[in-house]
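The values are calculated or read from the model by the stated rules, or taken from the named source; none is laboratory data. Only a predicted model underlies this, so the values are computations on that prediction, with no experimental measurement involved. As a convention, Cβ positions derive from the backbone with ideal geometry for all residues, glycine included, and neighbour counts pool all protein chains shown. Heads up: the accessible areas ignore ligands, DNA and RNA and are worked out on the full protein's heavy atoms, side chains in. Shrake-Rupley method; radii C 1.70, N 1.55, O 1.52, S 1.80 Å.
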Amino acid sequence: MRSTDIVTSFLKNDDKILLLKRSEQVKSMKNLWAGVSGILEKNETPLSRAKNEIFEEAGINEEQIALLKSVDEIKIISPQYKDHQWNVFPFLFKTNSTKINLNWENSEFVWIKPTEIVNYKTVPDLDKILSNLL
């Protein structure tokens, strides 16, 4: 079975979290809601990749976020991809900024209460990843 290491970060502002809708232009999971996510590259720590992705995808720099929690890697099997496993490194960050500047990877964003995640068509097991961080 093939596997891909990715980071998924949630940004928290007061009692809400940020979800991003993946665009038509991305390679996988098009039009599904997700946290701020990206593939972990060689010689890179999950935390540094998470911070880079937050800046690239949401326009929020490292000085505007504070790490609240991280949990051990979560392995997810996605029905869209045969014989493939996603190794997800989850993070929860606090931010005081609600201004989001999306790049091409996402088409929309929304700030929601964590319980509202069930109302969105998300990447596989996003609710499980979030519940492990809260």
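Could you list, in sequence order, all residues of the range 103-121 that are out of contact with any Leu (no Cβ under 7 Å at 6 or more places or on another chain), surrounded by 15 or more Cβ atoms within 10 Å (Cβ to Cβ) and outside any loop (DSSP other than H, G, I, E, B)?
SER107
Per-residue answers, yes or no, for (1) open to solvent by 30 Å² or more (accessible area, probe 1.4 Å); (2) in contact with a helix residue (DSSP H, G or I) (Cβ under 6 Å, 6 or more places away or on another chain); (3) closer than 17 Å to SER131 by Cβ:
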{"site": "ARG2", "(1), (2), (3)": "yes, no, no"}
{"site": "SER9", "(1), (2), (3)": "no, yes, yes"}
{"site": "VAL26", "(1), (2), (3)": "no, no, no"}
{"site": "GLU56", "(1), (2), (3)": "yes, no, no"}
{"site": "ASN61", "(1), (2), (3)": "yes, yes, no"}
{"site": "ALA66", "(1), (2), (3)": "yes, no, no"}
{"site": "PHE89", "(1), (2), (3)": "yes, yes, yes"}
{"site": "LYS94", "(1), (2), (3)": "yes, no, no"}
{"site": "ASN101", "(1), (2), (3)": "yes, no, no"}
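Looking only at the range 11-24, count every residue that is surrounded by fewer than 17 Cβ atoms within 10 Å (Cβ to Cβ) and either under 14 Å from the mean Cα position of the chain (by Cα) or touching a residue at least 24 places away in the same chain (Cβ under 8 Å) (or both) and tell me the total.
So the answer is 5.
Of all residues in the range 28-44 being in a strand (DSSP E or B) and touching a residue at least 60 places away in the same chain (Cβ under 8 Å), which is least open to solvent (accessible area, probe 1.4 Å)?
ALA34
Rundown of residues vs (1) within 18 Å of THR122 (Cβ to Cβ); (2) at pLDDT 95 or above, yes/no style:
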position: LYS21; (1), (2): yes, yes
position: LYS27; (1), (2): yes, no
position: VAL88; (1), (2): yes, yes
position: SER97; (1), (2): no, no
